[in-house]
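J.: Here you go, one structure.
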Amino acid sequence: MALLSLKQLTISFGGPNLLDKVEFQLDRGERVCLVGRNGAGKSTLMKVIAGEITQDGGEIIGQGLNIARLEQEVPEGTAGSVFDVVAQGLGDIAPLLINYHHVIHQLETDSSDKVLAALEKAQHELEAVDGWSVEQKVEAVISRLTLDADMDFAGLSGGMKRRVLLAQALVKEPDILLLDEPTNHLDIASITWLEEFLKSYDGTVLFITHDRMFLQSLATRIIQIDRGKLVSFPGDYANFLVRREAMLDEEASQNALFDKKLAQEEVWIRQGVKARRTRNEGRVRALEKLRSERGARREVLGNVKMQLQDADRSGKLVVEAEGIGQSYDGRTLFKDFSTVIQRGDKIGLVGPNGCGKTTLLSILLGRSEPEFGDVKMGTKIEVAYFDQLRSELDEEVSVVDNVGQGKDFIEINGAQKHVMGYLQDFLFTPERARTPIKSLSGGERNRLLLAKLFTQPANLLVMDEPTNDLDAETLDLLEELLINYKGTLLLVSHDRSFINNVATSTIVFDDDGEVREYVGGYDDWLHQRAQDKRAKMPAKEKAKAMTVKKVNKKSSLTYQEQLDLEVLPKEIEQFELQQAELHKKISAPDFYQQAADKQTKIQDKLTALTSELEAMYERWDALEAKKEG
């Protein structure tokens, strides 16, 4: 039985329905990801499920559930110790717990009668509401997430604040945990921790993310919100991409046939007097129905059209840094770092929040002087800078004025283009283009900043966290643009897929405090780092590892394992045939016209089959590895 079900749910904020009679169910133990374009209604759907917004129509079955939601941003006014903030997730009993916790701490330095009386009162108040078991819950969650209960929340890093707010959500012991962009503004270490935590979490999770590696690792099912409808895709992100493409191709084919028939009927209705006298009234009514259906069709939202401004080629040498170092507030950010950046290099910068990535960028660009070492800039350098703080945007003026600066036309690669037309390439309608920046969503602001950035001719593009809040489609296009960019790129990002796909080398603020440069992207760095650690392993440990390897090599397959190894390929082949047949059924044009329970039955069967296949492949790989030693 479903944990939560939505029946014919409708939400509208004027204009076309944001959610239009959608059907959805969430089963216990699932990790479901909501995907869709910016503004498609993902966060709105979460707020409806959490009870923060009332739907215009339809029914929610499962409203007695305990639901906790982790928002995109840290709520204003969140203050106190880590214990205080986590306890606030418990509602009415929270003030009693917080008061008791404060009195206990006060007792460590003040054992006066007044404090002892306050302690006795706090204990009685907790006993009256069975508060001791609740306090143990808070302590258990804090321990599980490796937090310091007494640290001041305001002094924590962005990643640690998100972890505390996750603890606040978990202490409620929710039936459903809602996570809205949980990786936003987190560094890679925090994202990896959250990913591993959620994979081991045995509750039900519904989340929104544009981090493709996080999505691929975590989701057991993907729900796409598109033009007011929900479509369920069992399996991981890679499977979703393939099946979504097939579904869109089929939709385009069906629409083309529909439009062809409509055009033929429009020709018929406009024939001469003789044809009109003899026309079939049923055919006329059918034409009116076709017109109505065509008018109600919601087209797929177009993609952003990005084009970088060409600038004269820079010299072959862009930046040369020799032995540079910098400290801040008595703390060394980096030291003795050297690099040579040449024309066409695409350099990713990776490291924890606050480690000094932006400072290093500023020094490499010649905007600030290093404490130690020298920096030499190349010739004919023209820089365009994408600032993660969006300081280039004036909050009070409109979108069009931010880009056009009072002009009706802008020049793109030598051609004049009307500023409104240019903004439409970035999915800003004329109405939206006239609104002030402060009314835009995070994704819209990032799109606008890209639009403004790309009006500047540049041969050195510097991008500090450009991927935050962008939907997957825009990310893919930005990736393609940067891959084909002929100039030099310096990129700060915590999006592992983005770094993998774009960077030719990576400057990493490593765990040991050193800054090193590695060839390739994020995965290449992990691989090379592991090799470096093995190379630096003491001789005794190397000998021990080799001994273990030799012992393992002697291990052979048991009789049952030999039989399994012979049978598994045939079983896998049979399962793959069944999987292909189910994919064929789901890709059929009439599949989503069936009853919801029939769709769900087939999709659940495919999910189970895919899981079994993965387990069989893992078993096969393990047996092959054991056989080979």
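The values are calculated or read from the model by the stated rules, or taken from the named source; none is laboratory data. Just so it is clear, the model here is predicted, and its values are computed rather than measured. Cβ: placed from backbone, ideal geometry, glycine included. Neighbour counts: every protein chain shown. Please note that ligands, DNA and RNA were not included when accessible areas were found on the heavy atoms of the full protein model with its side chains. Shrake-Rupley method; radii C 1.70, N 1.55, O 1.52, S 1.80 Å.
J.: 7 Å from Cα along Cα→Cβ at both ASP110 and ARG270: what's the point-to-point distance in nm?
T.: Here the modelled spin labels are 8.7 nm apart.
J.: Something else about it: Which pairs, out of LYS7/LYS601; LYS42/LYS598; LYS570/LYS626, put more than 22 Å between their alpha-carbon atoms?
T.: Too far apart for the 22 Å limit: LYS42/LYS598.
J.: Per residue, how much accessible surface does the chain expose to a 1.4 Å probe? Answer in Å², no decimals.
T.: Per residue, the chain has an accessible area of 52 Å².
J.: Moving to a separate point now. How many nm is it between the label spots at LYS438 and PHE258, if each spot is 7 Å from the Cα in line with the beta carbon?
T.: 4.2 nm
J.: Looking at segment 354-387, which trypsin sites (Lys or Arg not before Pro) are in a loop (DSSP not H, G, I, E or B) and have at most 15 other Cβ atoms within 10 Å?
T.: Listed in order of number, the matching sites are ARG367, LYS380.
J.: Could I ask something else about it? Out of every Cα-Cα pair in segment 425-480, what percent are more than 15 Å apart?
T.: Value for segment 425-480: 51 percent of Cα pairs lie more than 15 Å apart.
J.: Quick one: if the Förster radius is 56 Å, what FRET efficiency do ASP387 and LYS605 give, using the C-beta to C-beta distance and rounding to 0.05?
T.: Once the sixth-power term is evaluated, E becomes 0.70.
J.: When the Karplus curve 6.51 cos²θ - 1.76 cosθ + 1.60 is applied with θ = phi - 60°, which whole-Hz ³J(HN,Hα) does each residue of segment 179-184 get, with x for Gly and Pro?
T.: Using θ = phi - 60°, the values come out as 10, 9, 6, x, 8, 4 Hz.
J.: For LEU19, enumerate residues with amide H under 5 Å from its amide H, sequence gap 5+ or separate chain, H modeled in the peptide plane.
T.: Here the answer is ILE11, since their amide H atoms fall under 5 Å of that of LEU19.
J.: Ignoring ligands, DNA and RNA, please state the percent of accessible area on segment 336-481 from carbon and sulfur, probe 1.4 Å.
T.: 47 percent
J.: Could you work out the equivalent-ellipsoid semi-axes for segment 1-158, taking the square root of 5 times each eigenvalue of the Cα gyration tensor, largest first, in whole Å?
T.: 41, 18, 14
J.: About its Cα centre, what dipole magnitude does the chain give when the only charges are +1 on Lys and Arg Cβ and -1 on Asp and Glu Cβ, stated in debye to the nearest 20?
T.: It works out to roughly 2720 debye.
J.: Determine which residues of segment 234-260 fall in the zone a paramagnetic label at ALA595 would reach in this model, i.e. backbone nitrogen under 11 Å from the point 7 Å along Cα→Cβ.
T.: none
J.: Let me ask you something else. So if each residue of separation counts as 0.36 nm, and I subtract the Cα-Cα distance between GLU514 and LEU563, what length gain in nm does that give?
T.: Net length gain for the segment: 12.6 nm.
J.: Let me ask another. How large are Rg and Dmax for the chain when calculated on the C-alpha trace, in angstrom?
T.: Gyration radius and largest Cα-Cα distance of the chain: 29.4, 107 Å.
J.: Next question, about the same structure. Can you list the HN-Hα couplings for segment 444-449, worked out from phi with the Karplus curve (6.51, -1.76, 1.60; θ = phi - 60°), rounded to whole Hz and with x for Gly and Pro?
T.: Values per residue, Gly and Pro as x: 5, 5, 5, 5, 5, 5 Hz.
J.: For segment 56-103, which whole-number percentage of the solvent-accessible area (1.4 Å probe, protein heavy atoms only) is attributable to carbon and sulfur atoms?
T.: Looking at segment 56-103 in its full context, I get 46 percent from C and S.
J.: Same structure again: Under the Karplus relation 6.51 cos²θ - 1.76 cosθ + 1.60, θ = phi - 60°, what is the ordered set of whole-Hz ³J(HN,Hα) values for segment 399-407, x standing for Gly and Pro?
T.: Per-residue couplings from phi come out as 4, 5, 6, 5, 8, x, 6, x, 9 Hz.
J.: Moving to a separate point now. I want to make sure I understand the PRE zone here: with the label point 7 angstrom from the Cα of THR358 toward its beta carbon, which residues in segment 454-483 have backbone N atoms less than 17 Å away?
T.: 462-469
J.: Can you compute the modelled spin-label distance between GLU431 and GLN342, with each label point 7 Å from Cα toward Cβ, in nm?
T.: Using points 7 Å along Cα→Cβ, the separation is 5.3 nm.
J.: Roughly to the nearest percent, how much of the accessible area of segment 1-40 is carbon and sulfur, given a 1.4 Å probe?
T.: Using a 1.4 Å probe with all protein chains present, segment 1-40 comes out at 50 percent carbon and sulfur.
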